[in-house]
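Engineer: Questions regarding the structure given below will be posed in turn.
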Amino acid sequence: MKSQIIDLFNPLWREILQQVRHDIYQLPEYIALEASRNSGLPEAIAIFDKDQIFFVPYLLSQYEEDIFDLKSPYGYPGILLSSAAIASPEFIAQAWQEFKEILYQKNVCSVFLRMHPILNENFEQLFPPGSFTPNGETVSIDLRIPEAQLWSHTRKGHKSTINKGKKLGMEAKFVPIEPYIDEFTTIYQETMARVQATDSYYSFDRNYYQQMSQALGEKLHLCIVEYESEIACAGLYTEVCGIVQSTLGGTKDKFVHLSPSSLETDYARYWAHRRGNEFLHLGGGVGGTEDAVYNFKAGFSKLRHQFNTMRLITNQKKYDYLVQLRAKKLNIAPEKLYQSNFFPAYRAFFN
């Protein structure tokens with residue numbers, strides 16, 4: 001068994017992706033994009049033995065002096081395992097121990113990974129008990145079924161809204177991204193203001209979309225719905241290894257009552273199906289809850305996935321030290337941080 005910490009420019013990164021099914025979130029260009037937005041150091045840990053591969057991309061951050069932590073970039077990077085690795089419990093057990101040892105030696109005290117709902121499905125059966133924390137469900141549209149069955153999996157209310165939109169003259173279509181970046185940015189920001197999104201969502205700005213388009217190229221697609229000579233809504237979709245992800249999007253305030261996003265999602269699923277993809281992953285609710293966002297997505301499909309996170313403490317002593325330090329700074333008891341359900345606890349925020 002060999003292990004290696006690699007940066008974005010190491011050819012081993014792409015060599016591994018050629019051997020293991022992956023998504024947009026594990027591509028070096030995507031990790032680089034997120035690193036610039038989050039000010040983290042993009043790296044990956046690769047552990048392998050012939051065709052058995054254990055691969056974890058992440059962003060490394062220095063928190064205090066020589067103490068670090070790491071987290072997944074936005075989305076679902078998770079852990080990639082080759083088919084041969086999945087078939088070998090012994091390899092996974094050894095790679096898991098090696099992974100933790102590497103992090104300990106790097107002075108990393110905690111790890112927060114967002115697991116991939118599709119590629120990491122049933123991973124809780126492969127790793128030690130308690131390795132993952134359930135964070136609700138996500139919805140995806142199963143594109144492996146015949147195209148004619150997609151409509152039958154649609155909620156009655158969505159069918160009515162889609163048909164109404166078509167009768168009103170709404171038109172959904174995929175368009176080149178560059179000419180629409182300004183309008184997409186305006187629609188997205190208008191949507192975030194309407195739903196009172198947290199500050200983190202506002203870091204997706206025009207510059208980010210420009211860089212995203214340049215980095216991902218033809219793996220990134222923009223779907224819009226036009227109505228009365230205006231763009232009523234728009235959404236960005238990624239497409240890698242048979243998985244289409246609905247990523248960022250929004251609807252103009254004046255058209256919300258018409259729900260043009262229903263027509264957008266309907267159009268996108270048939271588009272994705274005809275291109276030979278297996279899943280259109282819509283995601284879940286805000287914070288993993290079954291809220292209105294989740295309910296909307298659930299109306300397009302019966303397929304659900306468990307969304308897990310990995311919350312790993314690799315150096316308990318240093319972790320506790322940082323919690324104590326944070327508690328002192330906030331003038332609160334350390335127990336309040338431990339009980340906050342935020343991970344890592346020393347990054348929790350209190351008013």
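Every read-out reported here was derived from the displayed coordinates using simple, explicitly stated rules and does not represent laboratory data. Just so it is clear, the structure is predicted and the values come from calculations on it, not from any experiment. Every residue, glycine as well, gets a Cβ built from its backbone with ideal geometry; the counts of neighbours run over all protein chains shown.
Engineer: In segment 139-307, what is the volume of the convex hull around the alpha carbon atoms, normalised per residue and reported in Å³?
Structural biologist: 118
Engineer: Let me ask something additional. Within the chain, which is the longest segment containing none of the chymotrypsin sites (Phe, Trp or Tyr not before Pro) that sit in a DSSP loop and have at most 16 other Cβ atoms within 10 Å?
Structural biologist: Within the chain, the longest run free of exposed chymotrypsin sites (Phe, Trp or Tyr not before Pro) spans 10-341.
Engineer: Something else: Around SER110, which amide H atoms from residues at least 5 apart in sequence, or from another chain, sit under 5 Å from its own amide H, with H modelled in the peptide plane?
Structural biologist: Distant-sequence amide H within range of SER110: LEU70, THR314.
Engineer: In addition: Report, ordered by chain and residue number, the lysines lying within cross-link reach of LYS100, taken as a straight Cα distance under 16 Å and ignoring same-chain residues fewer than 8 apart.
Structural biologist: Hits, sequence-local ones excluded: LYS2, LYS71, LYS317, LYS318.
Engineer: Computed from the coordinates I sent, Rg/Rh (Cα atoms, Kirkwood Rh) equals one of (i) 1.03; (ii) 0.96; (iii) 0.98. Tell me the label.
Structural biologist: Entry (iii).
Engineer: Let me ask another. Return the lysines within reach of LYS156: Cα separation strictly under 19 angstrom, same-chain partners fewer than 8 residues apart disregarded; answer none if there are no such residues.
Structural biologist: Straight-line reach from LYS156, under 19 Å: LYS164, LYS166, LYS167, LYS297, LYS302.
Engineer: Let me ask something additional. Could you state the per residue volume, in Å³, of the convex hull enclosing the Cα atoms of segment 2-131? Walk me through the intermediate numbers first.
Structural biologist: Values: hull volume 13.3 nm³, N = 130.
About 102 Å³ per residue, rounded to a whole number.
Engineer: Note down the relative contact order for the chain as a percent, whole number, built from C-alpha pairs under 8 angstrom at least six residues apart.
Structural biologist: Answer for the chain is 21 percent.
Engineer: Here's something else I'd like to know. In whole Hz, what ³J(HN,Hα) sequence does segment 307-317 give by Karplus (6.51, -1.76, 1.60; θ = phi - 60°), x for Gly and Pro?
Structural biologist: Listing the rounded values in order: 9, 10, 10, 9, 10, 10, 9, 9, 9, 4, 4 Hz.
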